[in-house]
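To start, the structure under review is shown below, and the notes come after it.
The values are calculated or read from the model by the stated rules, or taken from the named source; none is laboratory data. Please read these numbers as outputs of a predicted model, since none were measured by experiment. All Cβ positions, even for glycine, are placed from backbone atoms using ideal geometry, and neighbour counts span all protein chains on display.
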Amino acid sequence: MNIYQKCVESANYIKGIANGNYTDQYDTTSDAIGIILGSGLGNLADEVEDATVISYKDIPHFPMTNVIGHAGRMVIGKLNGVKVICMQGRFHFYEGYDMKIVSMPVRVMKLLGIRSLIVTNAAGGVNRGFDEGTLMVIDDFINFMGDNPLTGANIEEFGTRFPDMTLALDNKLKKLAFETAEELNIHLKKGVYMSFRGPNYETPAEIHFAEVVGADAVGMSTVPELLVARHANIPTLGISCITNMAAGITGKELNHLEVEAVAKRVNNEFKSLIKLLITKM
Ligand code: HPA
């Protein structure tokens, strides 16, 4: 079974569960906004109304996820009156999964009929103008993971062999994010996200390298998802929560609990931004 067929089976299972409660023709997933919630940002999904909650372990072809800070479930319903499909937790390359598996949920959401996608993550700040707690719109990215989910036979059902990346992140959505942030008095930055394989945090020398090549933030996720989203022509917005300054920038050592703690601290800002933003999308 190829990835496309696996995605179809996953999507059909999810549709069956999510629409099962509705006797009419109401379709809970088509035209929804997909939201992937990163480390420490997952509790936005707790605010979804009329929620159908599906554990990843129950979805055909989805792997298990065990990372601290990741719940591992899909929450389908309405947020602020807008149809959403929230991924509470994601799959990471460093967990040992193939990139095609890591990025599979985005393709499943495409089959479920999402009209746009918001991807979020916790990231280390490389730009010295950033601080712990800074929210950054992903303006562009550098794939430094040494792999790509689009390798192998092209899946024509999703998109073309050589997808453009000039507009990988949607300009209209970026603009909307800044307008919404201004309305809420939230200070939003923008920058280039560079993805490393992990699971270790980068060395100070690697962060120096990232800085020299033009990265503003570093992380271990998101890029596989952005690649398949662009391939499948899904208008996408990326938001990084800078949970720490990256290795060597301040000299402080890094640990996951502090990363989570900072993500939790900016949670309210982050949630109000997303909740208002989706009403304008
Ligand atoms: N590096 C990589 N990933 C991260 C970091 C970091 O400093 N902080 C949060 N995720």
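Within the option set Ser39, Ser116, being among the polar types (S, T, N, Q), buried (at least 20 other Cβ atoms within 10 Å of the Cβ) and either within 16 Å of the ligand (Cβ to nearest atom) or modelled with pLDDT of 95 or more (or both) holds for one residue only, Ser39.
Scanning region 255-275 for residues that are crowded, with 17+ Cβ neighbours inside 10 Å and either part of a loop (DSSP other than H, G, I, E, B) or among the aliphatic types (A, V, I, L, M) (or both) yields Val259, Val262, Ala263, Val266, Leu273, Ile274. Looking across region 128-141, the residues that are in contact with a helix residue (DSSP H, G or I) (Cβ under 8 Å, 6 or more places away or on another chain) and either within 13 Å of the ligand (Cβ to nearest atom) or outside any strand (DSSP E or B) (or both) come down to Glu132, Gly133. Within region 218-233, restricting attention to residues that are within 14 Å of the ligand (Cβ to nearest atom) and aliphatic (A, V, I, L, M), the residue that is nearest to Asn244 (Cα to Cα) is Val218. Note on region 93-113: residues that are within 16 Å of the ligand (Cβ to nearest atom) and either touching a His at 6+ places or on another chain (Cβ under 8 Å) or among the hydroxyl-bearing types (Ser, Thr, Tyr) (or both) total 2.
Only residues that are surrounded by fewer than 24 Cβ atoms within 10 Å (Cβ to Cβ), out of contact with any helix residue (DSSP H, G or I) (no Cβ under 6 Å at 6 or more places or on another chain) and part of a strand (DSSP E or B): list them for region 182-224, please. Those that are surrounded by fewer than 24 Cβ atoms within 10 Å (Cβ to Cβ), out of contact with any helix residue (DSSP H, G or I) (no Cβ under 6 Å at 6 or more places or on another chain) and part of a strand (DSSP E or B): Lys189, Lys190, Val192.
Only residues that are touching a helix residue (DSSP H, G or I) at 6+ places or on another chain (Cβ under 7 Å), within 11 Å of the ligand (Cβ to nearest atom) and either among the acidic types (Asp, Glu) or assigned to a loop (DSSP other than H, G, I, E, B) (or both) were counted in region 234-254, giving 4. The number of residues in region 189-212 that are more than 19 Å from Asp164 (Cα to Cα) and touching a residue at least 60 places away in the same chain (Cβ under 8 Å) comes to 10. Of the set (1) within 16 Å of the ligand (Cβ to nearest atom); (2) without any contact (Cβ under 8 Å) to a residue 12 or more places away in the chain; (3) within 18 Å of Asp131 (Cβ to Cβ), all apply to Ala215 but (2).
Is it the case that Arg161 is of a type in the set (Lys, Arg), in a loop (DSSP other than H, G, I, E, B) and within 15 Å of the chain's Cα centre (by Cα)?
Details: of a type in the set (Lys, Arg): yes; in a loop (DSSP other than H, G, I, E, B): yes; within 15 Å of the chain's Cα centre (by Cα): no.
No; evaluated as a whole, the condition is false for this residue.
Being surrounded by fewer than 23 Cβ atoms within 10 Å (Cβ to Cβ), of a type in the set (A, V, I, L, M), at pLDDT 95 or above and away from the ligand (no atom under 15 Å from the Cβ) is a description that applies to Leu173.
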